[in-house]
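First comes the structure, then the notes that go with it.
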Amino acid sequence: MADRDRLGRTAVHCAAGEGDVESLRVLLAGGAGPEAADAAGWTPLRFAAQAQAPPAV
């Protein structure tokens with residue numbers, strides 16, 4: 001999934017930041033990249049950790 005917002009974030013960033021595990025599963029199963037960094041260099045993992053969402057981590 002290459003669609004990004006103006007900050008370079010993907011749907012995986014959004015789902016991780018919301019702790020939305022089900023959406024993460026769907027996105028990752030569909031081929032979305034968990035290693036995608038936004039314009040600031042942040043990955044979805046950082047979003048999940050910052051949101052204190054262990055299941056998303």
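Values quoted throughout were computed directly from the atomic coordinates according to the rules given, and no laboratory measurement underlies them. Given the structure is predicted, the values throughout are model-derived calculations rather than measurements. Positions of Cβ are backbone-derived with ideal geometry, glycine not excepted, and every protein chain shown enters the neighbour counts.
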Nitroxide proxy distance, nm - points 7 Å out along Cα→Cβ at Gln50 and Ala29: 2.8 nm
Residue-count net charge about Cys14 - beta-carbon cut-off 12 Å; Lys, Arg +1, Asp, Glu -1: -3
What is the log10 of I(q)/I(0) for the chain, computed with the Debye formula using one identical point scatterer on each Cα and no solvent, at q = 0.20, 0.26 Å⁻¹? -0.60, -1.00
In whole Å, what is the distance between the alpha-carbon centres of region 1-27 and region 39-57? 10 Å
Total charge dipole magnitude, the chain, about the Cα centre, Cβ charges on Lys, Arg, Asp, Glu only, Debye to nearest 20: 100 debye
Considering the options Gly31, Pro55, Thr10, tell which one lies farthest towards the positive end of the dipole of the chain, charges being +1 on Lys and Arg and -1 on Asp and Glu at the Cβ, about the Cα centre. Thr10
From DSSP H assignment alone, runs of 4+ in the chain each adding -39500 (n - 2.57), the sum over residues rounded to the nearest 500 puts [θ] at 222 nm at -11500 deg cm²/dmol
